[in-house]
Amino acid sequence: MEKPFVAYYYATPQGNVGYLRIPHYSPERDSEKGDSEESGQAEETRFRQYEYAVSELEKNTVGLVIDQDHNCGGSVDYLHRIVSLFMQQEFIPTQFQFLANKQEYLELASWAAGTPENTIARQQLETVRDLVKNSWLQGKFMTPLTSIDGVKVFQPNNITYTKPIVVLIDEMSGSGGDAFPALMKGLGRAKLLGTRTMGLGGHVTAQPALFYSQIKAYMTKSLFYRPDGVAVENNGAVPDYPYEITRDDFVYGYHGYRQFYTQKLLELVAQK
């Protein structure tokens, strides 16, 4: 598969190795209109395409390389749906701490109000909204840990990948690009290879443009955490197999890089 993302497998002496590219977690970027209905359709379509790719890779490979280099993040809910393609049991989603103030409460109240009434999704958002309000009224600076939308656990998808996985990471991966590998490693589902991810916070929002330069700044309004309890902010996801891209990689088509991650994946396959 070449579009809308890259997926294929290649032969090795130990069997076929799969490759799956995840460039971001924002399917609406591929949508021309960008409105909420179109974005929802784009997310569902993209997820089903990943689901199809995973089903083919499960049938035809002994292990999988997930390339998440330069991943800039996106929707937290969509990210968790992607994680569900690689899990065989339920898992706790990424945990956040929100600022406990009136502005944060009003923003979460707006999210809840924009969700259809008499639904679990709205009830869960209202729970997070109330958590922010109660923490604020108690004089706390931040809330206790919670998922961003109040979901307590995610279930595995009906179609999943069950074999060894290596996730490629680099210093240009941030936000969801931090969270996905941190979850995959922390939940014991994959080994990470490359360099430490960027270590951005979660729930990033735009600030008004600076008066003279008109430069726009984006600020973190919450912290989120790896499954081991360490904040992603300034820490990121750390590789199990360190690897820095070399000049020869760049000049000669990344053959050394591919050889290294293939070798590490096959070592995991041999341990099974």
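Computed from the coordinates by the stated procedures, all read-outs in this text should not be read as laboratory data. Everything quoted here is computed from the prediction, not taken from an experiment. Ideal geometry is used to build each Cβ from the backbone, glycine not excepted, and the neighbour counts take in all protein chains shown.
Laid out as a table, the results:
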read-out: Residue list for segment 45-85, restricted to those being over 15 Å from the mean Cα position of the chain (by Cα) and hydrophobic (A, V, I, L, M, F, W, C); value: ALA53, VAL54, LEU57, VAL62, LEU64, VAL65
read-out: Leading residue by the ranking (nearest to LEU131 (Cα to Cα)) among those in segment 213-272 that are of a type in the set (S, T, N, Q) and within 18 Å of the chain's Cα centre (by Cα); value: SER222
read-out: Test: residue in segment 178-186 that is under 27 Å from ASN16 (Cα atoms) and aromatic (Phe, Trp, Tyr); value: yes
read-out: Any pair with Cβ under 9 angstrom, 6 or more apart, that starts in segment 250-266 at a residue that is over 14 Å from VAL62 (Cβ atoms) and free of Cβ contacts under 8 Å to residues at least 60 places away in the same chain and ends at one that is of a type in the set (Val, Ile, Thr) and crowded, with 18+ Cβ neighbours inside 10 Å; value: ARG258/VAL65
read-out: Lone unmet requirement of (1) free of Cβ contacts under 8 Å to residues at least 60 places away in the same chain; (2) under 24 Å from LEU265 (Cβ atoms); (3) in contact with a helix residue (DSSP H, G or I) (Cβ under 7 Å, 6 or more places away or on another chain) for VAL65; value: (1)
read-out: Subset of segment 210-246 (residues that are not aromatic (Phe, Trp, Tyr) and not in a loop (DSSP other than H, G, I, E, B)); value: MET219, THR220, LYS221, SER222, LEU223, ALA231, PRO242
read-out: Segment 132-170, residues that are among the charged types (D, E, K, R) and out of contact with any Gly (no Cβ under 8 Å at 6 or more places or on another chain); value: LYS133, LYS140, ASP149, LYS152
